[in-house]
1. At the nearest 100 Å², what buried accessible area, both sides summed, do you get for B and C when the probe is 1.4 Å?
2. In terms of the Cα gyration tensor, with a ≥ b ≥ c the square roots of its eigenvalues, is chain B rounded because a/c is under 1.5, prolate because a/b exceeds b/c, or oblate?
3. Share of the protein assembly as shown's accessible area from carbon and sulfur, percent, 1.4 Å?
4. Distance between Cα centroids, region D:90-116 to region B:216-293: provide it in whole Å.
5. How much accessible area is lost when chains A and B come together, counting both sides, with a 1.4 Å probe, in Å² rounded to the nearest 100?
6. What are the label-to-label distances in nm, one decimal and shortest first, from A:Asp306 to the same spot in the other copies, with labels 7 Å along Cα to Cβ?
7. Rank A:Tyr75, A:Tyr272, A:Tyr231 by mean-square fluctuation in a GNM of chain A with C-alpha springs under 10 angstrom and give only the top-ranked residue.
8. Who wins for biggest fluctuation among C:Lys198, C:Lys22, C:Lys183 in a Gaussian network model of chain C, springs between alpha carbons below 10 Å?
Amino acid sequence: MSKVNVSVTLCNIKLNNPTISASGILGTTRALLKRVAENGAGAVTIKSISREPREGHKNPTVITFEAGMLNAVGYSNPGVDKAAREFTNLQDVGVPVIASVVGTHKDDFVRVIEGLSVTEFSAIEIPLSCPHTPGFGLLAGQGTPQATFDITSEVRKVTGLPIFIKLSPNISEICTVAKAAEDAGANAITAVNSMGPGMIINIEAQKPILSFQVGGVTGDALRPIAVRCIYDLYKAIKIPVIGVGGVSTGRHAIEMMMAGASAVGIGTGVYYRGIDVFKKVCEEMIQWMQENSIDDINKIVGAAHD
Amino acid sequence: MSKVNVSVTLCNIKLNNPTISASGILGTTRALLKRVAENGAGAVTIKSISREPREGHKNPTVITFEAGMLNAVGYSNPGVDKAAREFTNLQDVGVPVIASVVGTHKDDFVRVIEGLSVTEFSAIEIPLSCPHTPGFGLLAGQGTPQATFDITSEVRKVTGLPIFIKLSPNISEICTVAKAAEDAGANAITAVNSMGPGMIINIEAQKPILSFQVGGVTGDALRPIAVRCIYDLYKAIKIPVIGVGGVSTGRHAIEMMMAGASAVGIGTGVYYRGIDVFKKVCEEMIQWMQENSIDDINKIVGAAHD
Amino acid sequence: MVKICDIREESPNVKTFFFERKIHFNPGQFVMVWIPLLDEKPFTISYIQENLLGISVLKKGPFTRVFHSKKAGDRIGIRGPYGKGFNLQINSCVVGGGIGMASLATVIDTLPDVTIIQGARNSSEILYQKRFRNMRLCTEDGAVGFKGTTVDLLGEIIKKQHFRKVYACGPEPMLYKVVELCKKYDVDCEVSLDRYMKCGFGVCGQCDCSGQRVCVDGPVFTTSELNKMEDFGKITITKTGERVVIDKRII
Amino acid sequence: MVKICDIREESPNVKTFFFERKIHFNPGQFVMVWIPLLDEKPFTISYIQENLLGISVLKKGPFTRVFHSKKAGDRIGIRGPYGKGFNLQINSCVVGGGIGMASLATVIDTLPDVTIIQGARNSSEILYQKRFRNMRLCTEDGAVGFKGTTVDLLGEIIKKQHFRKVYACGPEPMLYKVVELCKKYDVDCEVSLDRYMKCGFGVCGQCDCSGQRVCVDGPVFTTSELNKMEDFGKITITKTGERVVIDKRII
Ligand SMILES: Cc1cc2nc3c(=O)[nH]c(=O)nc-3n(C[C@H](O)[C@H](O)[C@H](O)COP(=O)(O)OP(=O)(O)OC[C@H]3O[C@@H](n4cnc5c(N)ncnc54)[C@H](O)[C@@H]3O)c2cc1C
Ligand SMILES: Cc1cc2nc3c(=O)[nH]c(=O)nc-3n(C[C@H](O)[C@H](O)[C@H](O)COP(=O)(O)OP(=O)(O)OC[C@H]3O[C@@H](n4cnc5c(N)ncnc54)[C@H](O)[C@@H]3O)c2cc1C
Ligand SMILES: Cc1cc2nc3c(=O)[nH]c(=O)nc-3n(C[C@H](O)[C@H](O)[C@H](O)COP(=O)(O)O)c2cc1C
Ligand SMILES: Cc1cc2nc3c(=O)[nH]c(=O)nc-3n(C[C@H](O)[C@H](O)[C@H](O)COP(=O)(O)O)c2cc1C
Ligand code: FES
Ligand code: FES
């Protein structure tokens, strides 16, 4: 078998392969980040951190259905001060670590970034797109072009690290929002966050299952929507796109990259295929590349465009 | 086993059971409508009819993926004049037949309604929500509250039949749009049309599979989103909601009705379970009702609300 | 997608494209063939050989013209198999008109003792001449074989030989006459119909023939099913969904 | 959802709720129990009888308080089973502290010759007294059985009897000491850990213990796994994700 290259460079960050663990997936402790890295992720993302500690929504917070998962975790996290203590010595993890920072007000983002030992991180991701946490993301109006521009600009002032703005697949004007982020100095767009929200009712209980009633839809159900968003973004903006949404196989990852993603986040895939989904996806990508005589993964980025 | 009632009355139309074949599914000829009725549908909907004949998009127009289906048929139909000839003697079908009418301009809807032998139909459904046909639905801006109000008002003037306005799950302000339809005299809301659009790329061809590149997502992937829309609509409007999106089992149908649907459309379910999906869904509903001592399906409508 | 690994010219207007793919295919079923950026259309599998499958394509319109321009190494998309195939019985007869022979080829491969009737417009259009040795041919001009239609020839043979089944594929007016003839002689018939297809799996309703979906309820229908299908032999449905009368002269 | 069909009072603070459900359950695994509009929490199956499964619940906080108020006929939601169970071997010993006995009950049912050590604060809190005849009990005050902790009692027994395995469930400081003791006597140990859980199937990261997900990589861990888990016996993670020190006094 011929040797193929799957390493990518994203905003000057070198990744051994294009898979990244998505925020909120196994990103709670340094030990877990390391485990994910050992299981083949090219980079890892921490669970989103807010200024104050948050318990999040009550259980049930994460459930599965035929076509994927529904979650409303509600940004449970220990708050920036304790998170800063957890996320030190990140070189131990073995791969680049991306911080994920959320806030209700513009200042919150800045405070969290200043509070984290940011020199440990390779980039900062800002989700402006959660569909199920009051005070944050879509429920706080952060998904508009103006709010995106404002928050990104504010964050830009306080960090030299690459900024990834994470967007929602719900917004029809996703390209406009992405452009606002680009104009404000974002270095990449992460597309997409979970979709919806959706609701699943237990018919015996006659009640929505999630304690927050509704939650974001992820997994297979999301993939065609994510691919379309990435395809559109690739045409609309110049900064790279990190594709996320329903990737659990090498074929899925290649599909996203052909749509225009420079790297690929994986979340629900951990449920579908286990913690070594990253390794499996990479192996499948490599095999496909060998069978199809493609020697460098970078060559397929955007290949589905004319 | 105790006897249970599954008949419902929707805008004064009596249905033997709450399942309705969704528009675009097997609604091309009277003979097929009849076959669907024989397979247990409580009512049937014809494929959407426009003023002029339309070839629609080229194939591939309908494909499947892990979590459902993607389609961009593009409203292929023989135009109102020929459709009027096809859809006569509809009492032959054996169950109520719902007309589906689309248009680019306000007048088109009126022209089509006047062109059809409307006395044959039990209701008129107006989809303002197709995500993949230029000139129609979302791609023509028909999904806004104002456009919805205008089109509904215009249609209201020319017909005494119940009007069902069919909405998109993409729009975050779905309740506002539904209220606009209600204010303009709509008798029910059909929620929802296909979502997205989404895209699926064949990685060997390095091209989107659908000839229109993108298409609406339906089936399992759509259900949680549809259920949430119905749940929200049930609270927001007074007119009944016809739930559509990802129903293929009795449990799914009951879930939608508990969210607030008075009847349930089925489309992709025909792919999952065959043309007798209507019969299967009804049998499963009846069995569940018996096991759970519910004697009348009407009692569960909205039951998931406090 | 599959790679075309071999191409055979069956006649001036028919080429067979071979490719590798594991499909559990029953004679009479079909696949949807996708040529990216062009279109997707239904075709039957006409050869099943170890690892190789073949599709025989008649050059007819825009799609099959591009198909004919494909070279070995080019790729096409295949999904399926779809539909219901023939219900095979020994001591039967196949009747193929033109490219309809493609659907019957795997029937012939499966039934050792089958009687084969093939009709073609002229001698150069006869398919699979080397592949099937004992074919009863007929051409319009009589240059090769019987002078007349397949129906005429079947009429001759059916008088003398009792078949368990007659399997037919070809222009619909021909199929209609074959079915009528078989009814007269009390022989069961199964025919494969052609309707414009979109989804191929029974949801869109495009391929309706009197309430039957040709893509999943067919494409093969039996005499007793056809008896209930008023449109059979008379009406087909175009891409827009318009009902149009089938030209009875094309047989 | 399942209907509670029977309730048994095991002790003043522990009730077992029985329900019908087919689950292929291995001792040591757990299910998530949902009480609508309230919360969802992990519990083990403590009885497996023909069609009936049982969950033994210690009244502790808000959730288990409401759980205890449930009556026969009420319904609860069950999903699972989740996690990795015990690796069962004959000639072994189980060590249960308090409600930890619930996880071990099905181990005992499965292993005919197992030695059973149960520790309870006082005699009224002893579980399954009628169910398991030959238990070696210990209470803090010595009112019943051995006076001292389960670890003390295990220390006595392990000197005399060689076990293939020791299975333990209870407060983590106890588990830690059991593991240390077993290491000293070179006996393999498997213990079931308790961490706050959300998803239960390995995606959210809430239940981390030194890079191991208690919900899928555990809840049962072996000595060699525990050797690599620095947090074991020392640190747990709260609902917000904060690392907190485990109170060593609760044993
Ligand atoms: C079940 C089935 C099996 C078939 N097997 C074969 C085969 O093995 N070999 C072969 O050469 N042909 C086969 N055909 C016919 C083949 O699909 C058409 O010849 C082909 O689509 C013509 O396309 P075109 O663009 O070249 O011609 P066009 O000029 O576009 O069409 C010519 C005629 O082909 C038919 N046709 C076109 N598009 C479709 C469509 N999407 N679905 C159904 N019919 C269509 C119509 O009758 C049309 O009038 C089969 C058809 C069906 C329904
Ligand atoms: C794998 C496993 C199996 C268990 N089996 C049983 C059992 O069979 N019987 C039984 O009585 N208890 C069992 N528990 C413990 C049980 O989950 C808690 O006692 C219960 O959740 C307490 O809830 P509460 O609201 O009543 O008390 P709270 O006051 O809310 O909590 C008391 C303590 O329970 C634990 N706890 C609370 N919520 C959770 C959660 N979501 N996930 C994990 N731990 C939590 C924490 O340690 C907390 O400090 C098990 C726990 C785990 C992890
Ligand atoms: C349980 C769970 C928790 C999540 N938490 C976060 C989060 O804290 N921050 C965030 O930006 N995205 C969060 N997400 C969204 C994911 O990062 C990702 O965008 C989404 O799941 C789509 O990818 P997938 O289909 O591969 O899961 C969460 C998703 C899940 C399933
Ligand atoms: C192949 C196909 C064609 C459709 N055509 C139409 C249409 O013509 N008019 C319309 O209002 N909806 C159309 N729809 C949408 C369906 O009516 C329905 O709203 C959607 O499929 C969601 O339901 P499902 O998940 O049960 O399929 C179509 C859907 C499919 C899959
Ligand atoms: S082609 Fe769609 S139903 Fe037959
Ligand atoms: S509870 Fe979510 S990973 Fe264990």
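The values are calculated or read from the model by the stated rules, or taken from the named source; none is laboratory data. In this text, all values refer to a predicted model and were calculated from it rather than measured experimentally. For neighbour counting, all protein chains shown are included, and Cβ atoms are generated from backbone atoms with ideal geometry for every residue, glycine included. For the accessible areas, the whole protein counts, side chains as well, though only heavy atoms, and no ligand, DNA or RNA atoms are used. Shrake-Rupley method; radii C 1.70, N 1.55, O 1.52, S 1.80 Å.
1. Values: alone 12630 and 12060 Å², together 22020 Å².
Buried area (both sides, nearest 100 Å²): 2700 Å².
2. rounded
3. On the way: 19290 of 40590 Å².
Of the solvent-accessible surface of the protein assembly as shown, carbon and sulfur hold 48 percent.
4. Region D:90-116 and region B:216-293 have Cα centres separated by 47 Å.
5. On the way: alone 12630 and 12630 Å², together 21950 Å².
Using a 1.4 Å probe, the pair buries roughly 3300 Å².
6. In nanometres, ordered from closest: 5.4.
7. A:Tyr272
8. Result for chain C, Cα springs under 10 Å: C:Lys22 fluctuates most.
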